[in-house]
Amino acid sequence: MSGVQGVQEMSVAVAFAGMKRAVDVVFRAGCPDCRANFELGASALRLAIGATSNTTFYSFTCPECGVAVRKPAGERIVELLTGGGVRTLRLHSAG
């Protein structure tokens, strides 16, 4: 006989509700201006999701040279960034 009778199953979301991440997510990035490679936390990145792939991008400021960097974000990048806690802005078309 099992010792877990009467224990209700719960979803992962319910089980971990209210908990902070145990490990901060970091993303590897590179600057097209100074060519530096570095790691950034989710708070250093911004994701903008537009109506098309041409208007969906992520941005950050290079910690080495200070230039504002904007790069296109395909579906996989969007998934990784949103899953990693990057703040997201949804752009709406005028019309």
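Coordinate-derived values only; no laboratory data. Every value quoted in this text rests on a predicted model; they were computed, and no experiment measured them. Glycine also receives a Cβ, built like all others from the backbone with ideal geometry; neighbour counts cover every protein chain displayed.
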Excluding residue 45 itself, what net charge comes from residues whose Cβ is under 13 Å from its Cβ, given Lys and Arg +1 and Asp and Glu -1? +3
Grab the beta carbon distance between residue 49 and residue 24, set R0 = 35 Å, and tell me the FRET efficiency rounded to 0.05. 0.95
Counting other Cβ atoms within 10 Å of each Cβ, which GluC sites (Glu not before Pro) in the stretch 38-94 have at most 14 and sit in a DSSP loop? 64
